[in-house]
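Contents: one structure, followed by commentary.
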Amino acid sequence: MRTINVGVIGVGAMGYNHARVYSKLENANLVAVADVVKPTLDKVVKKYKTKGYSEIEDLLKDPEIEAVSVCVPTTFHHEVVMEAIKHGKHVLVEKPIAFTAEEAEEMIEAAKEAGVKLATGHVERFNPAVQKAKELIENEVIGDLVTISAKRVGPFPPRIKDVGVAIDLAIHDLDVMNFLIEAPVKQVYATMSSILDQSDFEDHAEIMISFDEDITGILEVNWLTPYKRRQIEITGTDGIITIDYIDQC
Ligand SMILES: NC(=O)c1ccc[n+]([C@@H]2O[C@H](COP(=O)([O-])OP(=O)(O)OC[C@H]3O[C@@H](n4cnc5c(N)ncnc54)[C@H](O)[C@@H]3O)[C@@H](O)[C@H]2O)c1
């Protein structure tokens, strides 16, 4: 496999991780990073000895870079990804793909037209425990799927100011459900509201998804629970799989 020259746009909490991992990967060469906040940029440039750009445009014009990670806050995903696609870069955008479904569709269409790859950073499907569950389901160890019930709760993260908990957290388990169930969604029912003063968007959501083949997804997410819990339980006609995403088992 050949080495890919990559750049990271937005090197806050998550972008820092992308830069860290790229710098260790054999098949990736971290060429440059970009961030609008100078001290954030300088820290990563110094740590990983890369080029640093304060303007995204300058990173995107860098001919050495073939692919970029977009790790800016969610409400900027559309703008930055569309710009990256215009510059012919392949894109790995952090989850959720965009702030609205319309923005996401536009991004997917633009990537297709430009002939570049566009991927979203849905990490949980690569969690070894989820991979194992997939294997057990495919080998029919737990029979036919009946329900998948997920809980992703914890305290409010002051860093996330631009979206609510449904788009920020529920997206992880929705992706895992899609990955494990592989059946079209028929119907969705959800309740949500904002209780905390510091949250401008919903801080709790309870979602029920009816998939084809009579499989039901149940999902509870919030930024209200004082401790962090991330778990999923998969019920089949012949068995149950319980996963703790944090312990990866
Ligand atoms: N996969 C996961 O589990 C996971 C976990 C946390 C965050 N995320 C996602 O990562 C994204 C970033 O979240 P975060 O927690 O790292 O946020 P953050 O605020 O810590 O970092 C965002 C960075 O982007 C920079 N930035 C903002 N606008 C910019 C622009 N126009 N150009 C260049 N830089 C810009 C900011 O200065 C900041 O350094 C979000 O979409 C979030 O949903 C994913």
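FYI, it's all coordinate maths here, none of it is from the lab. Keep in mind that this is a model prediction, so the values were computed, not measured. Note that each Cβ is placed from the backbone with ideal geometry, even for glycine, and that neighbours are counted across all protein chains shown.
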Taking a ≥ b ≥ c as the square roots of the Cα gyration tensor eigenvalues, with a/c under 1.5 meaning rounded and otherwise prolate when a/b beats b/c or oblate if not, region 103-175 comes out oblate
Would you work out the charge dipole size for region 4-121 about its Cα centre, treating the Cβ of every Lys and Arg as +1 and the Cβ of every Asp and Glu as -1, and quote it to the nearest 20 debye?
-> 760
Relative contact order of the chain (C-alpha contacts under 8 Å, at least 6 apart) in percent is 16
With unit charges on the beta carbon (Lys/Arg positive, Asp/Glu negative), name the residue among 160, 208, 96 whose Cα is farthest towards the positive pole of the charge dipole of the chain.
-> 160
Here P(r) for the chain, Cα-Cα distances in 5 Å bins, as whole percents, is 1, 6, 12, 15, 16, 15, 14, 11, 6, 2, 1, 0
Using packing as a proxy for protection, rank 189-197, 85-93 so that the peptide with the highest average count of other Cβ atoms within 10 Å comes first.
-> 85-93, 189-197
How big is the convex hull of the Cα atoms of region 65-186, per residue, in Å³?
-> 141
Mind listing the phi-derived Karplus ³J(HN,Hα) values for region 44-58, rounded to whole Hz, using 6.51, -1.76 and 1.60 with θ = phi - 60°, and x for any glycine or proline?
-> 6, 4, 5, 5, 10, 6, 10, 6, x, 10, 7, 9, 4, 3, 5
Dipole magnitude of the chain, debye to nearest 20 (Cβ charges: Lys/Arg +1, Asp/Glu -1, about Cα centre) = 1380
Can you give the relative contact order of region 4-121 as a percent, counting alpha carbon pairs under 8 Å and 6+ residues apart?
-> 23
Give me the distance between the Cα centres of region 1-74 and region 134-185, rounded to whole Å.
-> 29
The exposure ranking of 1, 177, fewest beta-carbon neighbours within 10 Å first, is 1, 177
Cα-based reach from residue 47 at 17 Å (exclusive), listing lysines while leaving out same-chain residues under 8 positions away | 24, 38
Per residue convex hull volume, Cα atoms of region 4-121, in Å³ = 83
Among 125, 159, 229, the residue with the largest mean-square fluctuation in a Gaussian network model of the chain built from Cα contacts under 10 Å is 159
Which listed residue (195, 172, 219) has the Cα farthest towards the positive end of the charge dipole for region 125-244, taking +1 on Lys and Arg C-beta and -1 on Asp and Glu C-beta about the Cα centre?
-> 195
Over region 165-241, what relative contact order in percent results from Cα pairs under 8 Å that are six or more residues apart?
-> 27
